[in-house]
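Shown next, in structure tokens, is the structure this report addresses.
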Amino acid sequence: MRGLAVFTGKELTEILRTWRLFVIPGILLFTGLMSPVLAEIAPGLVSSMMPDETQGIVIEIPPATTVDAYLQFNKNAMQIALIAVIIATAGAVATERRSGTAQLVLAKPVSRGAMVVAKTLSNWLLLLAASVVSAGLCAAITTFMFDSTLLGRFAAAVGLWYLLAVLMVAVSVFLSVVTNSQAGAAGAGIALYFALTIASVWEVTRTYTPAGLLGAGTDILTGAPEVSVAWPIATTIVAAFAFVVAAAWAFGRQEL
Amino acid sequence: MRAAIEIEGLTKVYKEVRALDGLDLLVPEGSVFGFLGPNGAGKTTALRILTGMARPTSGGARVFGHNVVNASKDVRALVGFLPDVPGYYSWMTAEEFLRFAGRLFGVTGKTLDDRVKSLLDMAGLAGVKQRVGGFSRGMRQRLGVAQALVNAPKLLMLDEPTSALDPMGRKDVLEMIAALKGRTTVFFSTDILTDVERVCDTVAILDHGRIVRQASIQELKREGHALRVLVEVIERAEELEPLLAARPWAMECQRDGQVVRCVVSDIEAARQDIPAIVAAENMAIVRMLDEEPTLEDVFVQLIGGGA
């Protein structure tokens with residue numbers, strides 16, 4: 001795969017010097033920063049909207065806890081951040097083709113697959129760094145506002161989120177290749193995300209496919225008994241690599 | 001002489017459109033070769049196949065003996081290429097882009113440093129710290145030629161490198177190409193005839209996906225059946241021009257003051273007719289002479305005026 005190191009270096013430099021540094025990391029950092037705060041103020045907000053006791057109804061909202069802070073983070077990451085990941089990576093290859101940069105650099109003796117893999121790898125690295133920083137920030141604020149329990153469970157939930165994000169990047173890059181359109185790839189990627197959400201309703205798909213990762217973080221954080229994620233983890237990793245290979249193969253066969 | 005490019009029966013069909021129709025071409029090593037044709041003739045398609053960006057429907061092509069389909073990477077290692085609309089990473093500087101392009105060829109270390117420095121000088125971009133996103137069209141084309149040379153290619157392929165440039169930008173790019181004469185084979189496509197006349201030694205004229213003629217520029221002009229005849233009269237040249245243009249041997253006539261220039265298909269008939277027409281109209285000839293045809297005259301004749 002000639003050119004992989006050069007392409008990856010270029011992608012990482014591009015991340016550091018363009019908008020790409022701010023979008024996904026920005027959303028994740030905001031999630032890390034705001035999740036404990038939202039968890040803390042949510043009960044007060046809900047209480048303020050309740051009918052008062054003179055009407056004879058008394059609903060007691062329990063005070064926020066550590067698990068609420070981490071659940072808030074997990075929910076935001078699984079929804080807002082994952083969709084942002086799909087949109088931000090949907091143009092990975094399509095933009096290069098449309099701007100003419102692909103034609104210029106791929107006329108050199110490099111592999112087209114190297115370009116696809118470099119784009120995927122660089123996004124995986126960006127997400128890894130952003131996830132670690134964001135989760136670390138969330139854990140630090142949660143520890144300060146609540147306590148330092150559940151750190152292990154939170155790390156496991158973030159790990160599962162990262163795996164799902166890895167799959168979504170691979171899917172998005174594949175769609176970017178086959179649709180040759182950022183909007184088309186983003187639309188198809190979001191549709192696939194919702195299909196995965198629907199699939200998580202059924203026992204079989206929840207047990208054996210990546211759909212199982214969508215709710216696994218919540219189960220782990222709430223201490224549900226017997227959370228089995230071996231199959232979803234395995235199928236997510238296999239699917240992610242399969243999408244990368246398919247993207248490289250499809251790009252190699254296309255005319256530029 | 002060894003061939004840099006050999007194309008045999010190359011055909012490319014896009015749905016209903018036959019972009020290349022059995023193209024045959026031989027580009028000698030060391031030449032500055034003009035690949036000339038009107039818009040839509042198939043020039044870009046041929047270049048895309050040579051660089052591995054597209055696959056032929058049938059036929060084949062070799063670059064320095066390497067098959068462009070089966071050994072595309074070997075071909076690309078020997079070639080420098082500038083597409084018709086080069087895209088750059090707007091956040092890079094010219095120097096960064098040249099270094100990036102060099103590394104894609106596996107050029108590193110001092111060789112890369114030296115090459116980048118000399119190419120920046122050659123392209124007039126030395127010391128330019130501005131990012132490529134802010135470059136003028138001329139700067140982008142000069143950078144395009146420079147990046148195509150970063151691997152010291154045996155063959156430089158340029159797709160319409162001067163199109164859409166202002167006169168100064170065109171002059172700069174043509175000077176860069178002319179400076180490469182004798183150093184590498186240059187194959188460049190264009191529909192600008194004066195560019196070909198200025199820098200090329202050999203030319204192939206492409207029309208509807210086929211080569212209409214391939215020869216040296218001098219040979220083309222010599223062989224060209226089209227000749228120009230210049231007639232200068234004392235007065236009433238505006239009346240003479242339509243009379244000449246109506247003759248069967250006249251392919252195209254233009255008037256400039258009291259001078260009428262006609263591209264003619266039959267020089268003998270023109271030589272006999274013109275004095276007779278002038279005399280019949282009671283005009284007086286100041287001078288009448290044959291002019292060497294320009295490449296444009298030959299082009300118009302070969303393409304049938306459809307360009």
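The values are calculated or read from the model by the stated rules, or taken from the named source; none is laboratory data. No experiment lies behind these values; they were computed from the predicted model shown. Positions of Cβ are backbone-derived with ideal geometry, glycine not excepted, and every protein chain shown enters the neighbour counts. Only protein heavy atoms, including side chains, enter the accessible area calculation; ligands, DNA and RNA are left aside. Shrake-Rupley method; radii C 1.70, N 1.55, O 1.52, S 1.80 Å.
Things worth noting here:
- Calculated FRET efficiency, B:R55 to A:L16, Cβ-Cβ distance, R0 = 25 Å: about 0.10 to the nearest 0.05.
- Dipole check for chain B: with +1 at the C-beta of Lys and Arg, -1 at the C-beta of Asp and Glu, and the Cα centre as origin, the magnitude is about 1880 Debye.
- In the full protein context, chain B carries 44 Å² of accessible surface per residue, based on a 1.4 Å probe and ignoring ligands, DNA and RNA.
- Carbon and sulfur %, accessible surface of segment B:224-303 computed with the full protein complex present, 1.4 Å: 46 percent
- Applying both filters, DSSP loop and at most 15 other Cβ atoms within 10 Å, to the GluC sites (Glu not before Pro) of segment A:1-80 gives A:E60.
- Take every DSSP beta bridge whose two residues both sit in chain B; close to 70 percent of them are antiparallel.
- Sequence-distant contacts, meaning Cα pairs under 8 Å at least 6 residues apart, place the relative contact order of segment B:224-303 at 43 percent.
- Relative contact order of chain B, taken over Cα pairs closer than 8 Å and 6 or more residues apart, is 20 percent.
- Computed helical MRE - 222 nm, chain A, DSSP H runs ≥ 4 contributing -39500 (n - 2.57), nearest 500: -25000 deg cm²/dmol
- Taking chymotrypsin sites (Phe, Trp or Tyr not before Pro) in DSSP loop conformation with at most 12 other Cβ atoms inside 10 Å as exposed sites, chain A has its longest uninterrupted site-free stretch at A:23-201.
- Trypsin sites (Lys or Arg not before Pro) restricted to DSSP loop in segment B:129-172 with at most 10 other C-beta within 10 Å: B:K129
- The orientation-averaged projected area of the convex hull spanned by the Cα atoms of chain B comes to 18.7 nm².
- Note on A:I80: accessible area is roughly 100 Å² with a 1.4 Å probe, heavy atoms of protein only.
- Of the accessible area of segment B:3-216, computed with a 1.4 Å probe over protein heavy atoms only, carbon and sulfur atoms account for 49 percent.
- Short-range pairs are left out: with C-alpha atoms under 8 Å and at least six residues apart, the relative contact order of chain A is 27 percent.
- Charge dipole magnitude, Cβ of K and R +1, D and E -1 - the protein assembly as shown, Cα centre, debye nearest 20: 1660 debye
- Cysteines in chain B lacking a second Cys C-beta under 4.7 Å: B:C200
- Rg over Rh for segment B:87-143 works out to 0.95, both radii taken from alpha-carbon positions and Rh defined as the Kirkwood radius.
- On Cα atoms only, tilt of A:112-145 relative to the major axis of chain A in degrees: 20 degrees
- Partners for A:K10 among lysines (Cα-Cα distance below 16 Å; same-chain residues under 8 apart left out): A:K108, A:K119
- For segment B:103-130, heavy-atom accessible area (probe 1.4 Å) falls by no less than 10 Å² from the chain alone to the full protein assembly at B:R103, B:L104, B:F105.
- Helix-only mean residue ellipticity at 222 nm for chain B, each DSSP H run of n ≥ 4 adding -39500 (n - 2.57), per residue, nearest 500: -10500 deg cm²/dmol
- A probe of 1.4 angstrom, applied to the heavy atoms of all protein chains, finds A:L71 with accessible area near 40 square angstrom.
- Distance between the C-alpha centres of segment B:18-75 and segment A:180-256: 43 Å, rounded to the whole angstrom.
- Degrees, to the nearest 10: A:23-48 long Cα axis against longest axis of chain A: 20 degrees
- A Cα-only calculation for segment A:1-98 places Rg and Dmax at 21.2, 75 Å.
- Eigen-decomposition of the gyration tensor built on the alpha-carbon atoms of segment A:133-174 gives equivalent ellipsoid semi-axes of 27, 10, 5 angstrom, largest listed first.
- Rounded tilt (10° steps) of A:4-17 against the dominant C-alpha axis of chain A: 50 degrees
- Cβ-based charge dipole, segment B:160-307, positive-most Cα from B:A204, B:L243, B:S265: B:A204
- Computed from the C-beta positions of B:M1 and A:R2, the FRET efficiency with R₀ = 30 Å rounds to 0.40.
- Only protein heavy atoms count here; under a 1.4 Å probe, B:S163 has an accessible surface of about 40 Å².
- Per the accessible-area calculation with a 1.4 Å probe, the total area buried between chain A and chain B rounds to 2500 Å².
- Interatomic Cα distance distribution for the protein assembly as shown, bins of 20 angstrom, percent: 18, 36, 25, 14, 6, 1, 0
- FRET efficiency, 1/(1 + (r/R0)^6) with R0 60 Å, evaluated for B:A246 and B:A126 via beta carbons: 0.55
- Longest DSSP-loop-exposure-free segment, GluC sites (Glu not before Pro), chain B, at most 15 other Cβ within 10 Å: B:30-234
- Listing of segment A:87-129 residues, each with accessible area lower by at least 50 Å² in the full protein assembly than in the chain alone (probe 1.4 Å): A:T101, A:L104, A:A107, A:K108, A:P109
- A dipole drawn for chain A from +1 and -1 charges on Cβ atoms has a positive end, and of A:L4, A:N76, A:T218 the residue lying farthest that way is A:L4.
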